[in-house]
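Have a look at the structure below, then the notes.
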Amino acid sequence: MRTIVIEDRFAAWRAASLAALAEDLRPESIQWRLAETGAPQQQASLDYTPDSRSPAAASPRMAEVQVSKELAALLKDAASFRDPERWAFLYKVLWRWHHGDRSVASAADIDGSRLYRMAKSVRRAQHDMIAYVRFRKQRDTQAVPEYVAWYEPDHDVLEWAAEHFAQRMGRSSWLITTPRGAAFWDGGALHLDARGALPGDHRYDSEDEAEALWIAYYRSTFNPARLNEEALEQHMPVRFWKGLPEAHLIPGMISEARSGARRLAQASGVGSLDGKVIAVEAETAQPVREPPSSLDACRRCDLWRHATQAVSGVGPARARIMLLGEQPGDQEDLSGQPFVGPAGQLLSVAIERAGLSREQVYLTNAVKHFKWEPRGKRRLHKTPAQREVEACYYWLERELNAVRPAVIVALGATALTALLREKVSLRDYVSAPFEIHGGWAVATWHPSFALRQQDESARDTVLGDITRALVRARALANPTPSPG
Ligand code: URA
């Protein structure tokens, strides 16, 4: 068995393979291993040539192999396919060809078809990267790089795409970071770093006017009457959305289209036609929908589309106190449990200070799916719209009827709005408990409001208010019997 150590790149594999063919090494007698890449930055010019540092490239004996143009392109593309076995597999293809077996380049051959599939998948990833990388101009006009982008390619196509952008973006400097490497164009030369992002996280330091224009343009081209969701998601797969500035518009535009904009847009065309006007009751014109059989199956609004899962309430089936939040956050969405993230931890502090325990209370949210917008790699909380709160009242009402708490504590404006089923000002309600659903309600701040305070004393004040509201809820839930 021979071990061949190469750098994880096509040029190194090619040189090593030609040397191995010169020795007539059979594919099954070679173990391909990757060299540790210690160098912080490899440099590549646009006309990149094989790496002369590769051990095999220094070998004096190289086989002369003539492959068809098509096979050469297939090998080159398939080399970017993410598979630890790729170098061994590509050598097997080359070895078969070198020994006169031309069927290896046919899609009907077992190796040939694997090669075609790999190349196809890589070409798709190359196309996606060109289509979905979004450069953002850095806020600091003197900054180098001037433009930055974050992207998560499906295969190792960063170098290929970087060369594409280098040829098209002139002398502007830019940086593309990916989970497996970064490419930096300084205006004249391309620098590749296979180890990860280059120093500094530029992803959020951007205030790009062009981006604002692009978003405005994107919105203006959207025609709800012609919306075809399947085609949209096929052309712009959801997995790329987090890197696209325009993507956060899409769920809202789709749900607007569903909840009326589509009909309105069509109506303007239909309305301009001559004919007799027939009055139709809006209520009866709505399609009749089956009620969802479970929270997981809920499609009453569009938030399910981009949430990991619905997060239902937790706590004793007949808890005396129900704490009502706004909606699950990032951590709740991933874990499926309410109030487990930073706001939940602060709420636990208030619960304990109020002489209660988490196990005693029923914890739930007005909206059961996480609503968010992409910001770089993060999912930023987005306040639910009134129609989403209304749609989710279906589930809250069920919880209220099942648990029948003596006291409901509304944490924040969305919870209060959900409870009262109308938009109100939280400040008008925080001062005194009020009666609702045959029990009491106490309104207070949401714990994330405390987290957003700039200094510690302001945070403590808000936390104190929440604690006092919980103390009040406790007293209302367990009234002391009047003497006599
Ligand atoms: N904020 C909420 O309102 N609810 C949660 O479950 C978590 C954060």
Taking the range 447-472 and keeping only residues that are within 16 Å of the ligand (Cβ to nearest atom) and among the aliphatic types (A, V, I, L, M), one is left with Ala450, Leu451, Val462, Leu463, Ile466, Ala469, Leu470
Taking the range 396-430 and keeping residues within 31 Å of the chain's Cα centre (by Cα) and among the polar types (S, T, N, Q) leaves Thr414, Thr417
Trp440 passes all but one of the listed conditions (1) touching a helix residue (DSSP H, G or I) at 6+ places or on another chain (Cβ under 8 Å); (2) at pLDDT 95 or above; (3) more than 16 Å from the ligand (Cβ to nearest atom); (4) in a helix (DSSP H, G or I); the exception is number (4)
Matching residues in the range 136-162 (more than 20 Å from Pro237 (Cβ to Cβ) and either out of contact with any strand residue (DSSP E or B) (no Cβ under 7 Å at 6 or more places or on another chain) or in a loop (DSSP other than H, G, I, E, B) (or both)) number 8
Within the range 371-390, restricting to residues that are among the aliphatic types (A, V, I, L, M) and under 15 Å from Leu416 (Cα atoms), the one that is surrounded by the fewest Cβ atoms within 10 Å (Cβ to Cβ) is Ala385
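Sort through Leu323, Leu347, Leu334, Leu356 and tell me the only one that's part of a loop (DSSP other than H, G, I, E, B), over 20 Å from Gly252 (Cβ atoms) and among the aliphatic types (A, V, I, L, M). I'd like the intermediate steps shown before the answer.
Working: Leu323 fails: part of a loop (DSSP other than H, G, I, E, B); Leu347 fails: part of a loop (DSSP other than H, G, I, E, B); Leu334 fails: part of a loop (DSSP other than H, G, I, E, B).
On inspection, the qualifying residue turns out to be Leu356.
Quick one: would you say Leu396 is touching a helix residue (DSSP H, G or I) at 6+ places or on another chain (Cβ under 9 Å), within 16 Å of the ligand (Cβ to nearest atom), free of Cβ contacts under 8 Å to residues at least 12 places away in the same chain and not charged (D, E, K, R)?
Taking the combined requirement at face value, the residue does not satisfy it.
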So, first residue closer than 30 Å to Gly439 by Cα and more than 13 Å from the ligand (Cβ to nearest atom) in the range 294-320, second residue polar (S, T, N, Q) and part of a loop (DSSP other than H, G, I, E, B), Cβ within less than 6 Å, six or more apart or across chains; the pairs are Leu295/Ser312
From the option list Asp111, Asp140, Asp156, single residue qualifying as outside the structural domain of Trp32 (by TED's automatic domain parsing), out of contact with any Ser or Thr (no Cβ under 6 Å at 6 or more places or on another chain) and charged (D, E, K, R) is Asp140
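Of all residues in the range 321-370 being within 27 Å of Glu390 (Cβ to Cβ) and either among the acidic types (Asp, Glu) or away from the ligand (no atom under 12 Å from the Cβ) (or both), which is surrounded by the fewest Cβ atoms within 10 Å (Cβ to Cβ)?
Step one: filter the range 321-370 for residues within 27 Å of Glu390 (Cβ to Cβ), giving 321-341, 343-344, 347, 361-370.
Add one more test, that the residue is either among the acidic types (Asp, Glu) or away from the ligand (no atom under 12 Å from the Cβ) (or both), and what stays is 321-322, 326, 330, 332-333, 361-362.
Numbers: Ile321: 28, Met322: 28, Glu326: 25, Asp330: 16, Glu332: 24, Asp333: 22, Val361: 26, Tyr362: 23.
Checking each candidate, the answer is Asp330.
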Filtering the range 438-474 down to residues that are surrounded by 14 or more Cβ atoms within 10 Å (Cβ to Cβ), over 39 Å from the mean Cα position of the chain (by Cα) and without any contact (Cβ under 8 Å) to a residue 60 or more places away in the chain yields Gly439, Trp440, Arg472
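Glu352: among the acidic types (Asp, Glu) and closer than 20 Å to Pro316 by Cβ, yes or no? Quick ask: steps written out before the conclusion?
Values: among the acidic types (Asp, Glu): yes; closer than 20 Å to Pro316 by Cβ: yes.
Yes; evaluated as a whole, the condition is true for this residue.
The values are calculated or read from the model by the stated rules, or taken from the named source; none is laboratory data. The structure displayed is predicted, hence computed values, not measured ones. Cβ coordinates were reconstructed from backbone atoms using ideal geometry, including for glycine residues, and neighbour counts include every protein chain displayed.
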